[in-house]
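*Asks:* One structure follows; several queries about it will come next.
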Amino acid sequence: MAVFEAGDIVEVAVRIEENGANFYRYAVQLAQREQTKALFQFLADEEVRHERTFADLLSGMDRTAPPEGYDGEYAAYLHNYVDNRLVFTAEKFAGELAKIKDEASALDFAIQRELDAIHYYREMRELMPESQRQPIERIIEEEKGHFKKLSAMKKRLGC
C-alpha cells in the first residue's frame, strides 16, 4: 500500500514550485550579467507556470486523505514536511540566502535544489502504484529541464 497518493506528491510539487520561484526572484537581484539575470527570471516564471500546471493537475485528481484528527491535519503535515525537510525550505532558505553572494553561488545553490527535487520525486514515485506515476514523471521532466539550463549557464560562464 502506498504511503502517499499521486495527489499528495503533486501538492508537494506546488509548494516546492512556490518556494523555487521565490529563490529565483532573489537570484535575479544577485546576478550581475544580463544573461544570468534573464535565466533566473525565466526560471522564476517557469516555477510559477509549473505551480499552475501542478495545481490544475491536482484539482483533477481523485484524492482521498488518510483519517485526520482535525480538519486540515494531513495538508498541514505535508506543508510542514515540504517547508522543513525539502527543497527551498523556509528556515534553510534564509540561512542559505545569506551564503549566496554572487552568480556562481546562486547557480550552485539552484543546481543542487533542482537535483534534490529530482531525487525526491524519483523516490516518492516508487512508493506509488503504477497507475498513479504519470503525474510524477511529468514533474521529474520539468525539474530535469531546469537542471540542464542551470548547468549549461554555469559552464558557459566558466564558474
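The values are calculated or read from the model by the stated rules, or taken from the named source; none is laboratory data. None of the values given here were measured: they were computed from a predicted structure. Positions of Cβ are generated from backbone atoms using ideal geometry, with glycine treated the same way; all protein chains shown enter the neighbour counts. In case anyone asks, the SASA skips ligands and DNA or RNA and just uses the protein heavy atoms, side chains included. Shrake-Rupley method; radii C 1.70, N 1.55, O 1.52, S 1.80 Å.
*Asks:* Show me, for segment 103-112, the HN-Hα J-couplings you get by feeding each phi into the Karplus relation (A = 6.51, B = -1.76, C = 1.60, θ = phi - 60°), rounded to Hz, glycine and proline as x.
*Replies:* Computed from phi, the couplings for segment 103-112 are 4, 4, 5, 5, 5, 4, 4, 5, 4, 5 Hz.
*Asks:* Provide the gained length on full extension for the span residue 144 to residue 41, in nm with one decimal, where the gain is 0.36 nm per separating residue minus the Cα-Cα distance.
*Replies:* Computed gain between residue 144 and residue 41 is 35.3 nm.
*Asks:* Sticking with this one: Roughly how many Å² of residue 115 are accessible to a 1.4 Å probe, to the nearest 10?
*Replies:* Answer for residue 115: close to 70 Å² accessible.
*Asks:* Can I ask one more? Assuming R0 = 30 Å, can you tell me the calculated FRET efficiency for the pair residue 59 and residue 152, based on Cβ-Cβ distance, to the nearest 0.05?
*Replies:* Efficiency, rounded to the nearest 0.05: 0.35.
*Asks:* Sketch the reach of a paramagnetic label on residue 33 as a point 7 Å from Cα along Cα-to-Cβ, and name the residues of segment 103-132 whose backbone nitrogen lies under 18 Å away.
*Replies:* From segment 103-132, the list is 103-112.
*Asks:* Express in Å², to the nearest 10, the accessible area of residue 137 obtained by rolling a 1.4 Å probe over the protein heavy atoms while all chains stay in place.
*Replies:* 60 Å²
*Asks:* Just the accessible area for residue 149, please: 1.4 Å probe, Å², rounded to the nearest 10?
*Replies:* Here the residue's solvent-accessible area equals roughly 90 Å².
*Asks:* Follow-up. On a C-alpha basis, how far is the centre of segment 10-43 from the centre of segment 136-159 in Å? Whole number, if you could?
*Replies:* That distance is 12 Å.
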